[in-house]
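Notes follow the structure.
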Amino acid sequence: MRRAPRANPYRDAWCGDLTAAAASAPARVSGWVARRRDHGGLIFIDLRDRSGILQLVFHPENGAELFAVAERLRGEYVISVAGDVVLREERNVNPDLPTGEIELQATGMQLLAESLTPPFPLDDEDITLDETLRLRHRTLDLRRKPMVDALVLRNDVVQTIRTALVAEDFLEIETPILTRSTPEGARDFLVPARMAPGSFYALPQSPQLFKQLLMIGGYERYFQIARCFRDEDLRADRQPEFTQLDLEMSFVAEDDVIDVNERMMCEVFRVGGLDVPPPPYERMSYAEAMLRFGSDRPDPRFGLEIIDVSDHLRASEFKVFASVLGSDGVVRAINAGTREVPRKELDELTEVAKRFGAGGLVWGFVLQDGTLRSPIAKFLSEGEIAALIAALDASPGDLLLAVADTADTAAAALGALRLELSRRWGLVPEGRHDVLWIVDFPMFERNDAGSWTALHHPFTAPTGDLSDPGSLLSRAYDLVVDGWELGGGSIRIHDPGVQQRVFEIIGMDEAEAESRFGFLLEALRFGAPPHGGIAFGIDRIVALLAGHESIRDVIAFPKTASGSDPLTGAPAEVDDTQLRELGLRRR
Ligand code: ASP
């Protein structure tokens, strides 16, 4: 409930707060004209402010001058209206509106501003609006209820986080925006330094290094609602700048970080109305997530788990299986359940598997007599079919889908396929949400050029034998909700020797490491406590809680998918003088 506004010449109440309890009393409200209806000598106005909608009525007998102004009102005009709150007649009550039992009978009005006709309707929640148009006129779009709801929720989430962390002795500390490159695996945005021609600041991809320096500096529990900048090719849920809750703690191990964050996120879920089981949240190893769900951010809500059936097919005469299994590959499968799936849809599903690198998709329907209807049925022995049916817990009518490939490709293809099936067939049970920690990630993976890169980032602490990079796990953890990675972090390296060795493994020699991260390495040599932390994507959390697909719907002024801002026209050219001052143009 909002506090009543301080009474002033514009208002003494919020539109959305006036209910039957306020009937028979005078009130003054301000806002925008949402709708205007002329009704046999009466004018009805729906007045909108941030809190909601209130119906105003203008009677000609309350003053000819007042009525004349009311007749001039159009959509989005800004007015302040004084009047009496009265109960509506029974038949005029609007049960869909919190203020639907009353209306304000106007006795006076100030017309504060006129408005051009908006390019799209603002109060019809059911229509789909063109997003570019919305972004171009974001000021108007922000007046729409879905945007107000999203930004109010966003505020509630951020305030909840602040309250929860301050109660746990965290300090909110800011770190620089103009800084040096932080390697989070994306391209940097660069800012030319006028005072040092030819030199550039990088915008932070995250506050990672600064928060580690804060730990070494003794600020044992830090957090920040931090803006991060990554110059990546954008996708639906990406923005060139986005907001993280960034936090770090000293003298901790994994369980300490996870514990604090579970308490905090549990509050966030509560505030966002997300019905999830209470912590502790389940933990699943990266290896298990990849095997069962084909993804390091699994969505387990709709089953369709992936089963490795390689062992049942080792002796198979089917050439594809034999050759894949003979060269260290795997055969994995999903039981897609009983469903009429026409040939055309099977072809579409095969295309999905192929898009993720698989050579093809094997399908088969289990028949009443325990055999399979499948293009490859004739190549499988009775024993193999029986073993497959048992492994996949299949019954007559079930559709089985299999991929034979390298373990990585089979995981990627079947992981994508199960999401596609869930989308097509609407398999997520209504209202179900799953929260999961993914742990025990590999420390390194090979990039396309065959060299090692850190799966998380190179400041993550490894466990295992440093001389065998491929065998190392990292002390990282990700929080995944309904298949969305909401956050990720790790226990960090606090030993300068280990840090140096990790740089070496990813192909950075001592000189390069010193030149790029000398400040970190030096700090590590002056007594670094064991420390670790995490960062959460605020935009994603709010989008999930608000039930929006796109994070653009929970950001006040987002960029389009191609990184531009139709409102301000950014990015834009700058004038020659600026370029010359920055040393980017000679004359
Ligand atoms: N800096 C990391 C990131 O932005 C999070 C962390 O390790 O705390 O993903």
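The numbers here are math on the coordinates, done by the rules we state, and not lab data. None of these values were measured; they are calculated from a predicted model. Because the Cβ atoms are built from the backbone with ideal geometry, glycine has one as well, and the counts that use them run over all protein chains shown.
A few points about this structure:
- Taking a straight Cα-Cα cut-off under 29 Å and skipping sequence neighbours fewer than 8 places away in the same chain, the lysines within cross-link reach of Lys319 are Lys344, Lys354, Lys378.
- Maximal additional length on extending the Leu584-Ser323 stretch stands at 88.2 nm, based on 0.36 nm per residue less the C-alpha distance.
- Whole-Å semi-axes of the ellipsoid equivalent to segment 217-257 (Cα gyration tensor, √5λ, descending): 28, 12, 8
- For segment 80-203, the C-alpha radius of gyration sits at 1.76 times the compact-globule guess of 2.2 N^0.38 Å, with N the residue count.
- Ranked by the mean number of other Cβ atoms within 10 Å per residue, highest first, peptides 92-100, 183-191 order as 183-191, 92-100.
- For Leu473, residues with placed amide H under 5 Å, excluding near neighbours: Met443, Thr463
- Where only DSSP H runs of four or more residues are counted, the chain gives -8500 deg cm²/dmol as its mean residue ellipticity at 222 nm, each run worth -39500 (n - 2.57).
- Each residue of segment 258-274 was assigned a 3J(HN,Hα) from its phi angle through the Karplus curve 6.51 cos²θ - 1.76 cosθ + 1.60 (θ = phi - 60°); the sequence is 4, 4, 4, 6, 5, 4, 5, 5, 4, 5, 4, 4, 5, 4, x, x, 8 Hz, with glycine and proline shown as x.
- Alpha carbon centroid spacing (whole Å) that separates segment 192-230 from segment 257-283: 28 Å
- With both labels modelled 7 Å from their Cα along Cα-to-Cβ, the Ser285 to Asp576 distance reads 6.5 nm.
- Candidate lysines - alpha carbon under 26 Å from Lys559, same-chain residues fewer than 8 apart omitted: Lys145
- Computed extension length for Ala390-Ile127: 89.8 nm, one decimal, from 0.36 nm per residue of separation with the Cα-Cα distance subtracted.
- Peptide ranges 112-124, 375-387, 545-557, 397-409 listed from the most packed, as the mean C-beta count within 10 angstrom indicates: 397-409, 545-557, 375-387, 112-124
- With a simple spin-label model that places each label point 7 Å from the Cα along the Cα-to-Cβ direction, the separation between Thr406 and Ala4 comes to 7.0 nm.
- Computed label-point distance, nm, for sites Thr338 and Leu87 using a 7 Å Cα→Cβ extension: 5.7 nm
- Pairs of C-alpha atoms in segment 204-296 farther apart than 16 Å represent 71 percent of all such pairs.
- Between the beta carbons of His433 and Ile173, assuming R0 = 35 Å, the FRET efficiency works out to 0.60 to the nearest 0.05.
- Take every Cα pair under 8 Å whose residues are at least 6 apart in sequence, average their separation, divide by the length of segment 118-199, and the relative contact order is 16 percent.
- Three principal axis extents of the chain based on alpha-carbon atoms, in descending order, are 94, 73, 53 Å.
- Taking the average, over residues, of other Cβ atoms within 10 Å as the packing measure, peptides 570-576, 487-493 rank 487-493, 570-576 from highest down.
- Amide hydrogen neighbours beyond the local backbone of Leu42, cut-off 5 Å, H modeled: none
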